[in-house]
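The values are calculated or read from the model by the stated rules, or taken from the named source; none is laboratory data. Everything numeric here is computed off the predicted structure, so don't read it as measured data. Quick reminder, even Gly has a Cβ in these numbers, built from the backbone with ideal geometry, and neighbours come from all protein chains shown.
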Amino acid sequence: MTINLENETPIPLRAAARHRLFKAKRGRALNFSTVWRWALHGCRGQRLETCRVGSTLCTSEAAIIRFIERLSDPDFPRDAATPSQVRAEHVAAEKALEAAGA
């Protein structure tokens, strides 16, 4: 899924951290680094959709809603591999390439 800039208004990630749908404990805004991490690395296999407007990484209200819905839907497929499993697969692939002489 991507942000459709014709129908969705971009919101800088710093402003998205203060969005009404992203409330941390006791009604405070989320930390910007949390939203940044969701955009770059994701949460439970789901990434927050972003686009770049100039040098600013942005999302949209619709993308925030889609992200929350995906995280809330128990039937939505999630990535099964954890970061440590991905690293282990990478190391195994490198060893296989070395053994093959590549």
Could you list, in sequence order, the residues of the range 35-69 that are in a helix (DSSP H, G or I), surrounded by fewer than 15 Cβ atoms within 10 Å (Cβ to Cβ) and without any contact (Cβ under 8 Å) to a residue 40 or more places away in the chain? Arg37, Leu40, Glu69
Counting only residues that are part of a strand (DSSP E or B) and in contact (Cβ under 8 Å) with a residue 12 or more places away in the chain, which one in the range 1-34 is surrounded by the fewest Cβ atoms within 10 Å (Cβ to Cβ)? Pro12
Filter the range 70-89 for residues that are assigned to a helix (DSSP H, G or I) and surrounded by 10 or more Cβ atoms within 10 Å (Cβ to Cβ); which is modelled with the lowest pLDDT? Gln85
